[in-house]
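Chemist: There's a structure below that I have some questions on.
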Amino acid sequence: GQSFTRIVPQVFFIVLIAKFLGKFKDNKYVQAIFYGLRPAVAALVLNSGFQILLSSLFNIKSMLFHINISAIIFFLITFVLIRKYKKHPIIYILLGAFVGLVIPF
């Protein structure tokens, strides 16, 4: 689909840049640049996570704002499972995918 065609070029460029910068990973200037970029990357990741949270738990696109109760319940259950059992994140991602396939949100 359309999202796939938007993601592929970005992933390609990330891999290309990673291969290029891998040669310079021990350079003190490159390390300084990455040290300076960390706060900006953290802010971008947090912003993306917040936007995903808003769009999945709340319907903010329609004129009638409503809360997705089933998504919030699933979020809370998953949060408790993560805190209690501390398994690898891929387990919870696969669990979420399975639940999403079985139960339409």
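Chemist: Using alpha carbons only, how many degrees (0 to 90, rounded to 10) separate the axis of helix 69-85 from the longest principal axis of the chain?
Modeler: So the helix axis and the longest Cα principal axis differ by about 60 degrees.
Chemist: Same structure again: Rounded to the nearest 500, what is the chain's calculated 222 nm mean residue ellipticity when only DSSP H runs of at least 4 contribute -39500 (n - 2.57) each, over all residues?
Modeler: On the way: 4 runs with 82 residues, N = 105.
Helix contribution divided over all residues of the chain: -27000 deg cm²/dmol.
Chemist: I'd like the Karplus ³J(HN,Hα) series for region 35-50: coefficients 6.51, -1.76, 1.60, θ = phi - 60°, whole numbers in Hz, and an x wherever there's a Gly or Pro.
Modeler: In residue order, the calculated couplings are 4, x, 7, 3, x, 5, 5, 4, 5, 5, 5, 4, 4, 4, x, 5 Hz.
Chemist: Just read off the accessible area of Tyr92 with the full protein assembly in place, 1.4 Å probe, to the nearest 10 Å².
Modeler: Ignoring ligands and nucleic acids, Tyr92 comes out at about 30 Å².
Chemist: Continuing with the same structure: Return the FRET efficiency for the residue pair Ile82, Ala40: r is the Cβ-Cβ distance, R0 is 22 Å, and the value is rounded to the nearest 0.05. Kindly include the intermediate steps, with their values, before the conclusion.
Modeler: Values: r = 27 Å, r/R0 = 1.22.
That pair, Ile82 with Ala40, gives E of 0.25.
Chemist: Would you kindly state how much longer the chain becomes between Asn68 and Ile90 on full extension, computed as 0.36 nm times their sequence separation minus their alpha carbon distance, in nm to one decimal? Show your work: numbers first, answer last.
Modeler: Numbers: separation 22, 0.36 × 22 = 7.92 nm, distance 2.39 nm.
Full extension of this stretch gives 5.5 nm more.
Chemist: Sort out the exposed loop trypsin sites (Lys or Arg not before Pro) in the chain (DSSP loop, at most 14 other Cβ within 10 Å) and tell me the longest stretch that has none.
Modeler: Details: sites that count: Lys23, Lys25, Lys61, Lys86, Lys87.
Longest site-free region, per DSSP loop and neighbour criteria: 26-60.
Chemist: Which value, in Å² and to the nearest 10, is the accessible area of Leu46 when all protein chains are kept and the probe is 1.4 Å?
Modeler: Roll a 1.4 Å probe over it and Leu46 shows about 130 Å².
Chemist: If you roll a 1.4 angstrom probe over the protein chains with everything in place, what fraction of the accessible area of the chain belongs to carbon and sulfur, to the nearest %? Kindly include the intermediate steps, with their values, before the conclusion.
Modeler: Working: 7040 of 9420 Å².
Within the chain, the accessible surface is 75 percent carbon and sulfur.
Chemist: Which FRET efficiency value, to the nearest 0.05, do you get for Ser56 and Gln31 by plugging their Cβ-Cβ distance into 1/(1 + (r/R0)^6) with R0 = 30 Å? Intermediate results must be reported in sequence, preceding the final value.
Modeler: On the way: r = 36 Å, r/R0 = 1.21.
Calculated value: 0.25.
Chemist: Taking amide H atoms as placed 1.01 Å from N in the peptide plane, list the residues 5 or more away in sequence, or in a different chain, whose amide H sits under 5 Å from that of Asn68.
Modeler: Correct list: Phe58, Asn59.
Chemist: Measure nothing but the geometry: give the 0 to 90° angle between the long axis through the Cα atoms of 89-102 and the longest principal axis through the Cα atoms of the chain, rounded to 10°.
Modeler: Tilt of helix 89-102: around 40 degrees.
The values are calculated or read from the model by the stated rules, or taken from the named source; none is laboratory data. Keep in mind it's a predicted model, so treat the numbers as computed, not measured. In this analysis, Cβ positions are derived from the backbone assuming ideal geometry, glycine residues included, and neighbour counts consider all displayed protein chains. Note: accessible area is taken over every heavy atom of the protein model, side chains too, but ligands, DNA and RNA are not part of it. Shrake-Rupley method; radii C 1.70, N 1.55, O 1.52, S 1.80 Å.
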